[in-house]
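The values are calculated or read from the model by the stated rules, or taken from the named source; none is laboratory data. Since the structure is predicted, the reported quantities are computational estimates derived from the model, not experimental observations. Cβ sites come from the backbone with ideal geometry, for glycine too, and all protein chains shown count toward neighbours. Heads up: the accessible areas ignore ligands, DNA and RNA and are worked out on the full protein's heavy atoms, side chains in. Shrake-Rupley method; radii C 1.70, N 1.55, O 1.52, S 1.80 Å.
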Amino acid sequence: PLPLPPTTKMSRPMGSHSGTVRKTLPLKAIDSAGPTDSSLQLSEMLKQFLVRTDLYESDEEKGRMTQILLDIQNVIRDWGREVFEAKNLPVPPDLDSVAKIFPFGSYRLGVHIPGSDIDTLLVASKHIDRNTDFFKTLGDKLKTFPNLSKIVLIEGAKVPIINMCVDGIDIDLTFANLNYAELPLDLYLPKTDPSAFISEQNTMGLNGVRVTEKIIEITRGSD
């Protein structure tokens, strides 16, 4: 194994009752130098190869996937408003503070290939429930989604999920609600206080987005 750098921090695992410690690597880029001319040339050669072998997403495919996600978010906005109204809760002006989707994984990182599925997390207010709201009312609403060819509700999974196929694109939609009456409009999950996660199941659901955004922050730099 590679030796740990001297800046490595030592920390005790959460919930540990022993005297052992674990080693945590610092979250820093290995090299922040820009690419060389040779690297840029090789990257362009690789890109052309991916295009020739149909492993590079076309602008048309990219636009289609983006539009499907926008359409799903619009359905979720309407659903969130209906849930709040049914529970006699005040509906906020911006419905993204009720429920919002966050793509993650290969699609969010921009390394997916044509035909890949889209991993997506629905983050919702604490007033929205996984069983009665996400799986029941949203599940019923999604069954009428245009160009839907498949929808499967997997409630017993370790991370419960709605799997659907829209216009030939597979979408995995997971769920987590946070301990907010209304979601912050600038919600950034890697920096969200863990006390807002409510449950271990929520934490597992949130991890995909948190890790993806952290990779982007480390490799591309945060805005």
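Taking the range 82-117 only, how many residues are outside any loop (DSSP other than H, G, I, E, B) and more than 23 Å from T192 (Cα to Cα)? Residues that pass the stated criteria total 5.
Within the range 114-149, being under 15 Å from L69 (Cα atoms) and surrounded by fewer than 20 Cβ atoms within 10 Å (Cβ to Cβ) holds for S116, D117, F145, P146, N147, L148. For Y188, all conditions in the list (1) of a type in the set (F, W, Y); (2) open to solvent by less than 30 Å² (accessible area, probe 1.4 Å); (3) within 18 Å of the chain's Cα centre (by Cα) hold save one; what is the number of the exception? Here Y188 meets the rest and fails (2). Of the residues making up the range 66-75, those that are surrounded by 15 or more Cβ atoms within 10 Å (Cβ to Cβ) and under 15 Å from the mean Cα position of the chain (by Cα) are L69, I72, Q73.
Has the range 159-176 got at least one residue that is polar (S, T, N, Q), exposed (fewer than 14 other Cβ atoms within 10 Å of the Cβ) and within 23 Å of E82 (Cβ to Cβ)? Looking through the range 159-176, none of the residues is polar (S, T, N, Q), exposed (fewer than 14 other Cβ atoms within 10 Å of the Cβ) and within 23 Å of E82 (Cβ to Cβ).
Count of the range 191-211 residues, restricted to those that are touching a helix residue (DSSP H, G or I) at 6+ places or on another chain (Cβ under 7 Å), open to solvent by 10 Å² or more (accessible area, probe 1.4 Å) and either in a loop (DSSP other than H, G, I, E, B) or at pLDDT 90 or above (or both), is 2. May I ask you to list the residues in the range 157-184 that are in contact (Cβ under 8 Å) with a residue 12 or more places away in the chain and in a loop (DSSP other than H, G, I, E, B)? Selection gives K158, V159, P160, D167, G168, L178, N179, Y180, A181, E182, L183, P184. Checked against the criterion of being within 30 Å of R52 (Cα to Cα), free of Cβ contacts under 8 Å to residues at least 24 places away in the same chain and open to solvent by 50 Å² or more (accessible area, probe 1.4 Å), the candidates V111, V91, V152 yield just one match: V111. Before we move on, is E85 free of Cβ contacts under 8 Å to residues at least 12 places away in the same chain and either under 30 Å from S43 (Cβ atoms) or more than 20 Å from the chain's Cα centre (by Cα) (or both)? Answer is yes for this residue.
Being among the hydrophobic types (A, V, I, L, M, F, W, C) and in contact (Cβ under 8 Å) with a residue 60 or more places away in the chain is the filter here; which residues of the range 139-149 pass it? Passing the criteria: L142, F145. The set of residues from the range 29-65 being open to solvent by less than 60 Å² (accessible area, probe 1.4 Å), in a helix (DSSP H, G or I) and closer than 29 Å to T120 by Cα comprises L50, E61, G63, M65.
Quickly run through the range 106-123 and pick out the residues that are on the phi > 0 side of the Ramachandran plot and more than 14 Å from the chain's Cα centre (by Cα).
Narrowing the range 106-123 to residues on the phi > 0 side of the Ramachandran plot: 110, 115.
If the condition is that a residue be on the phi > 0 side of the Ramachandran plot and more than 14 Å from the chain's Cα centre (by Cα), then G115 is the only one that fits.
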